[in-house]
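The values are calculated or read from the model by the stated rules, or taken from the named source; none is laboratory data. Since the structure is predicted, the reported quantities are computational estimates derived from the model, not experimental observations. Every residue, glycine as well, gets a Cβ built from its backbone with ideal geometry; the counts of neighbours run over all protein chains shown.
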Amino acid sequence: MTQRPLTIGTRGSPLALAQAHMVAAALEKTHGWPEGSVAILPVRTSGDRIQDRALAEVGGKALWTKELDLALLAGDTDCSVHSMKDVESDRPEALTIAAMLKRADVRDRLIGASSVTELPFEAVVGTSSPRRAAQLHRLRPDLRTVVIRGNVDTRLGKCAAGEVDATLLAAAGLDRLGRREVGTVIEIAEMLPAPGQGAIGIECRTDDVMTAGLLRAIDHLSTHEAVLAERAFCHALGGTCHSPVAALAQVRGEEIEFTCEILSENGSEHVGETATFAVGDLDAPAEIARAMLAKAPPSIRRLFEVA
C-alpha cells in the first residue's frame, strides 16, 4: 500500500476523464484500496486549447502530452494516463510507459453513412487525421476531407449540424463513453488503424520505482508488447502528424502478426507490409519501416524523416 493516494494526471475531456477513471478503478481493485482513493487531476493541454487548426500546424502530438509531462516531472502528479495513439513515439528519458490496460476495439467508426461506399459523390468528411484522410481518398478519390477538431461530442455535433456529411471516430473512444450504438464499424481490412489505437497507457517518472511497481500490477502484457512494436515502427519511420501511417500488431502466442502501411497525403500511392516476428523483437518492426521507406515513392518518402 502506498503511503498516500496516487494522483493521476489526465486531459479534461470526457473521454480522457473516463479513461483516467478506468485506470483508477483498476488500481484500486488490484491493490485492495478503498474506492475513490486514487485522485484524478485534470490538466488543460495545448491540444485542448487550440481547436481551430490541425495538430501538425501547431506542434504535433506533443500538444496532448506537454503539460501532463510538466505536471508529472514537477511531482504534481504520480502518473499520466494517455490514449496511446496520441503519444509521440519519441518520449523523454525521464518518463516511462509503465503499464497499459487491455486494448479495446482498434477499429474506426463512420458517422453519417452506413459505409464508405454509401457516402454521396464528393461528400465532405471531417477528420483531423492524415491517416484517415489518406485512406478515405484511396478508397474514394472523389471525397473531400476537411479538418475538424474537438472532443467526441463536438465532432458528432458538427456532423449532426450538417457542417460535414460524415466523420470518423475511434470505436474504443465511443465505447468508453457509452456510445456503442453510434456509427458503423469499418473493418481493419478496409481501414487499418493508427498505431496505438484502442490502448490506454499509464506513464510515470522513470526514477519512481514505487509507482512503477504499482502500475505494473495492472499491465496487460500482450497489449503492451503489441503497442511497443507499433511504436518502434513509427519511431523508425520518423513520421510526424503530417504522415499518414497505420499499423496493427497482434500477439499470437510467442509471435506478433504485424500489418502496416504508409500512404501519400491523397492516398493515391501507398506501401503496405505484413510480417511475423518474435514478441519483444523491436528491431523487426524498425527494419520493416526502413525497408518500406526505401521502396516508397517520393510522394510518400518526403512525409517522413528517417530516425
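The residue list E261, E287 contains one member that is out of contact with any strand residue (DSSP E or B) (no Cβ under 8 Å at 6 or more places or on another chain) and surrounded by 15 or more Cβ atoms within 10 Å (Cβ to Cβ), which is E287. Would you mind stating whether L139 is out of contact with any helix residue (DSSP H, G or I) (no Cβ under 9 Å at 6 or more places or on another chain), hydrophobic (A, V, I, L, M, F, W, C) and within 22 Å of G198 (Cβ to Cβ)? The answer is yes for L139. Somewhere in the range 98-114, is a residue among the polar types (S, T, N, Q), in contact (Cβ under 8 Å) with a residue 60 or more places away in the chain, more than 20 Å from T206 (Cα to Cα) and out of contact with any His (no Cβ under 6 Å at 6 or more places or on another chain)? Scanning the range 98-114 turns up at least one residue that is among the polar types (S, T, N, Q), in contact (Cβ under 8 Å) with a residue 60 or more places away in the chain, more than 20 Å from T206 (Cα to Cα) and out of contact with any His (no Cβ under 6 Å at 6 or more places or on another chain). For P244, state whether it is crowded, with 23+ Cβ neighbours inside 10 Å, over 30 Å from H31 (Cβ atoms) and not small (G, A, S). When the stated conditions are applied, P244 passes them. As an exercise: evaluate L282 against (1) closer than 30 Å to T30 by Cα; (2) in contact with a strand residue (DSSP E or B) (Cβ under 6 Å, 6 or more places away or on another chain) and give the number of the one condition it does not meet. Among (1) closer than 30 Å to T30 by Cα; (2) in contact with a strand residue (DSSP E or B) (Cβ under 6 Å, 6 or more places away or on another chain), L282 violates only (2).
Sub-6 Å Cβ pairs linking a first residue in the range 223-246 that is closer than 10 Å to L282 by Cβ and modelled with pLDDT of 90 or more to a second residue that is in a loop (DSSP other than H, G, I, E, B) and among the polar types (S, T, N, Q), at least 6 apart or interchain, are R231/S89; H235/S89, ordered by first then second residue.
When the residues of the range 72-95 are filtered to those that are over 17 Å from the mean Cα position of the chain (by Cα) and surrounded by fewer than 19 Cβ atoms within 10 Å (Cβ to Cβ), the one that is nearest to V43 (Cα to Cα) is D76. Based on this model, can you work out whether A212 counts as of a type in the set (G, A, S) and closer than 20 Å to G280 by Cα? Considered against the rule, which asks whether it is of a type in the set (G, A, S) and closer than 20 Å to G280 by Cα, A212 comes out as yes.
Taking the criterion of being in contact (Cβ under 8 Å) with a residue 24 or more places away in the chain, out of contact with any Leu (no Cβ under 7 Å at 6 or more places or on another chain) and of a type in the set (K, R), the residues of the range 124-168 that qualify are R131, R149, K158.
Could you say whether any residue in the range 163-176 is among the polar types (S, T, N, Q), within 19 Å of the chain's Cα centre (by Cα), at pLDDT 95 or above and in a loop (DSSP other than H, G, I, E, B)?
Checked against the condition, which is being among the polar types (S, T, N, Q), within 19 Å of the chain's Cα centre (by Cα), at pLDDT 95 or above and in a loop (DSSP other than H, G, I, E, B), the range 163-176 yields no hits at all.
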